[in-house]
There are 2 protein chains.
Amino acid sequence: MATMRDVAKAAGVSIATVSAVINKTTKVSAELTQRVNDAIKEVGYRPNGVARSLKMGATPTIACILPGITNPVFAEMAQTIESEANKKGYAVFVCNALEDNALQDKYLQFASSMRPVGGIIIPAAGSEIDVEAIQREIGVPFVVLDRAAPDTKADSIVVDNYDAAFNAVNYLISLGHKRIGAIASFPYSFTSRDRIRGYRSAMEQSGLDTTGLVRENCSTVERAQSAVFELMSSQNPPTALFATFDHAGLGIVKALNRLDLRMPDEVSVITFDGGAWAEAINPNVTSVRQPATQMGSEAVRLLLERIDATEPMSHRRLMLPTEFIVRGSCAPLFS
Amino acid sequence: MATMRDVAKAAGVSIATVSAVINKTTKVSAELTQRVNDAIKEVGYRPNGVARSLKMGATPTIACILPGITNPVFAEMAQTIESEANKKGYAVFVCNALEDNALQDKYLQFASSMRPVGGIIIPAAGSEIDVEAIQREIGVPFVVLDRAAPDTKADSIVVDNYDAAFNAVNYLISLGHKRIGAIASFPYSFTSRDRIRGYRSAMEQSGLDTTGLVRENCSTVERAQSAVFELMSSQNPPTALFATFDHAGLGIVKALNRLDLRMPDEVSVITFDGGAWAEAINPNVTSVRQPATQMGSEAVRLLLERIDATEPMSHRRLMLPTEFIVRGSCAPLFS
DNA sequence: TAAGTGTATTGAAACGTTTAGATTGAATTT
DNA sequence: AAATTCAATCTAAACGTTTCAATACACTTA
């Protein structure tokens, strides 16, 4: 593959002049510029970003490590991070850790070895999240997005999951529901944990029992679905269901369909997220909407601010508001 | 940041020995191995992949350039590519070109400059797809996925879009429908083009008129939705709708909901793809399912085969079968 | 004991850039 | 005409690895 050396030879100039023409760093006469540009075409030169990065000590890239892109919230975040970073002249390296901590570590190492300017990470929920370990691995500024412990020792962006869940469940309670089931994903993820905490607080505060009503580890639509089958076939089935994330909501809807239970008449439903499907089905599903786009763009903003900062700055935590969208999937309980 | 030189100094050995310990390329005595490993910890050494890539002439990475990840089919492909490549020891660099050709070119250049071993690209549909230009930019073996011209001068993986659409529309015709609307996205994408061609063939073959019934450029749910509003409020509205991709199907469903038109009684619907929502709504939507996972893994396979090939091999084209899943969204037309 | 064999370790030259500082030579000043 | 200035160009030294070829050293073997 052609190098600057080849271009220089073909143009009859020095390697430094070629570099100057390509990067427009110093003035080069019109004639040499012409000759260099011709030579570039002639030899089919394509810059070697690897060499450039080595010399410069960094790659103009942001590493983005996330646990999956089938969750529409993560997909939206990734998409936003991508386009925001681009506006600022950075490429984005998306690594999909598939909720697997080992894979996440591998990616962390690999990403870090490519010397990006910074990272944005939505931690995998396979085990306890260790921000210090991440810091050690990645070695550059980074932002923890969405799944961040309250005392995260890094910039972080979250929503108030506890509060959002608390309010959503209270809404169901205010409609008269007493048996409310909850479908959640990984107990190690801070988001899931907080949402379940919010659910429990709301229930306990109203003196309602939750035994047997919480199903964790329902990380796929199928698992959520079978959890609903179990829940609804118990001797005292819930009259309302609360999904702590998108796939759980989808699982609930599909399960109720299969069980021929009508929503909201027979079962009321609230879901976190609620991607496209929540607005497609009839009735639309009442949801807790997360500001995924805003979270993504704020992540980029915080990261770049820190990278550009001349003096040390303390860790910042942004807690963005969720939106509770009442649609048609909840009905008052007469009993 | 600590380098091998620092490690070598701390361990009292040469740089070559450090490299040997790290890469296990040659035998190093137990004692030195120990000293080197201690030194690595001591100085906090993290390998510089950039330097390594420069020396090795390539980065153990596959560049994956696609037009978006909100389309569930693309998301699934990306996810599969990621995990398959990983199994083979490659990282994946996902670049989201957002259906923008200029951005795609930028990514192509950037990706290529990072010297990946190969690329997998789902071309943006913003304008005519030029595989030769892609080849020139990227300079390494690559596979064109999904949106590939019949005579693509590269390995390519597609489904028979024409045939799938033809059959789907014929199914509607066989149910007695005569006014069938089609909602499509970018006219420049080969997939959309072929699906519309299939639709037109089926219609023409049965002597049915298509004037005013085809809506292209409905690339978002919203646009698809308003196309349906227009279509259904025309003086002679269709009795069936055919969506050539996921978002169009979603737009149709939402629009019909809003218009209070019942599916399938008042309007029959078939959609390509049909992500989660198609199985969530009642009735489930009859769909043309693409083998996205298989397409992703085959893409990786073809790419790696070509990379590992010792002698030149001609371009291969895989055409994978689609699946026509009859669900409840189509009804016979009595009139 | 001298020569030969084999293994563990090292020195140094790349890989393809960027860039500080040196060099050149023409234009301007004295 | 010599000295000065200035812009355009070039030389060469990094950046942090990998790896070939060279070295050193301890064993065998004749």
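The values are calculated or read from the model by the stated rules, or taken from the named source; none is laboratory data. Just so it is clear, the model here is predicted, and its values are computed rather than measured. Neighbour counts are summed over all protein chains in view; Cβ atoms, including those assigned to glycine, are modelled from backbone coordinates with ideal geometry. The accessibility values were calculated without ligands, DNA or RNA, using every heavy atom of the protein model including side chains. Shrake-Rupley method; radii C 1.70, N 1.55, O 1.52, S 1.80 Å.
If you go through the stretch A:291-325 and keep only what is open to solvent by less than 80 Å² (accessible area, probe 1.4 Å), in a loop (DSSP other than H, G, I, E, B) and out of contact with any helix residue (DSSP H, G or I) (no Cβ under 7 Å at 6 or more places or on another chain), you end up with A:Pro291, A:Ala309.
Checked against (1) in a helix (DSSP H, G or I); (2) crowded, with 18+ Cβ neighbours inside 10 Å; (3) not polar (S, T, N, Q), B:Met263 passes all but a single condition, namely (1).
Condition check: of a type in the set (A, V, I, L, M) and more than 11 Å from DNA strand D (Cβ to nearest atom). Does A:Val43 satisfy that? Yes, satisfied.
Being out of contact with any Pro (no Cβ under 9 Å at 6 or more places or on another chain), polar (S, T, N, Q) and in contact (Cβ under 8 Å) with a residue 60 or more places away in the chain holds for only one residue in B:Ser314, B:Ser268, B:Ser297, and it is B:Ser297.
Within the stretch A:121-135, is there a residue that is within 8 Å of chain B (Cβ to nearest Cβ), open to solvent by less than 20 Å² (accessible area, probe 1.4 Å) and either farther than 21 Å from B:Arg46 by Cα or at pLDDT below 95 (or both)? No. When the stretch B:70-90 is filtered for residues that are open to solvent by 10 Å² or more (accessible area, probe 1.4 Å) and within 9 Å of chain A (Cβ to nearest Cβ), the ones remaining, listed by number, are B:Thr70, B:Pro72, B:Glu76, B:Gln79, B:Ser83, B:Asn86. A:Val285 passes every criterion in (1) at pLDDT below 95; (2) closer than 20 Å to B:Leu259 by Cα apart from (1).
Step by step: first the residues of the stretch A:211-261, then only those that are within 11 Å of another protein chain (Cβ to nearest Cβ) and over 29 Å from the mean Cα position of the chain (by Cα), then the one that is nearest to A:Val73 (Cα to Cα). Which residue is that? Selected residue: A:Asn257. The residues in the stretch A:203-242 that are assigned to a loop (DSSP other than H, G, I, E, B), surrounded by fewer than 18 Cβ atoms within 10 Å (Cβ to Cβ) and of a type in the set (A, V, I, L, M, F, W, C) can be counted, and the count is 1. Any residue at all in the stretch A:181-202 that is open to solvent by 10 Å² or more (accessible area, probe 1.4 Å), out of contact with any His (no Cβ under 7 Å at 6 or more places or on another chain), farther than 27 Å from A:Val144 by Cβ and not in a loop (DSSP other than H, G, I, E, B)? Within the stretch A:181-202, none of the residues are open to solvent by 10 Å² or more (accessible area, probe 1.4 Å), out of contact with any His (no Cβ under 7 Å at 6 or more places or on another chain), farther than 27 Å from A:Val144 by Cβ and not in a loop (DSSP other than H, G, I, E, B).
What single numbered condition from (1) in contact with a helix residue (DSSP H, G or I) (Cβ under 9 Å, 6 or more places away or on another chain); (2) within 14 Å of chain A (Cβ to nearest Cβ); (3) in a loop (DSSP other than H, G, I, E, B) fails to hold for B:Lys153? So B:Lys153 meets the others, but not (2).
Filtering the stretch A:267-274 for residues that are at pLDDT below 95, within 29 Å of the chain's Cα centre (by Cα) and crowded, with 24+ Cβ neighbours inside 10 Å leaves a non-empty set. Selection of first residues in the stretch B:1-28 that are touching a residue at least 40 places away in the same chain (Cβ under 8 Å) and within 14 Å of another protein chain (Cβ to nearest Cβ) and of second residues that are near DNA strand C (Cβ under 10 Å from one of its atoms) and not acidic (Asp, Glu), restricted to Cβ pairs under 6 Å at least 6 apart or on distinct chains, gives the following pairs, ordered by first then second residue: B:Met4/B:Ile15; B:Met4/B:Val18. Of all residues in the stretch A:15-31, those satisfying the criterion of being open to solvent by less than 40 Å² (accessible area, probe 1.4 Å) and either at pLDDT below 95 or within 6 Å of DNA strand D (Cβ to nearest atom) (or both) are A:Thr17, A:Val28.
Residue-level analysis places A:Val253 outside the set of residues that are crowded, with 20+ Cβ neighbours inside 10 Å and in a strand (DSSP E or B). Among the conditions (1) open to solvent by less than 40 Å² (accessible area, probe 1.4 Å); (2) within 16 Å of DNA strand D (Cβ to nearest atom); (3) more than 8 Å from every other protein chain (Cβ to nearest Cβ), the only one that A:Gly57 does not satisfy is (1).
Can you go through A:Ala39, A:Ala85 and tell me which one is at pLDDT 95 or above and within 30 Å of A:Phe190 (Cα to Cα)? On inspection, the qualifying residue turns out to be A:Ala85. Counting only helices (runs of 4 or more DSSP H) that sit wholly inside the stretch B:1-61, those with at least 1 residues that are closer than 28 Å to B:Val140 by Cβ and near DNA strand C (Cβ under 9 Å from one of its atoms) are B:15-23, B:49-56.
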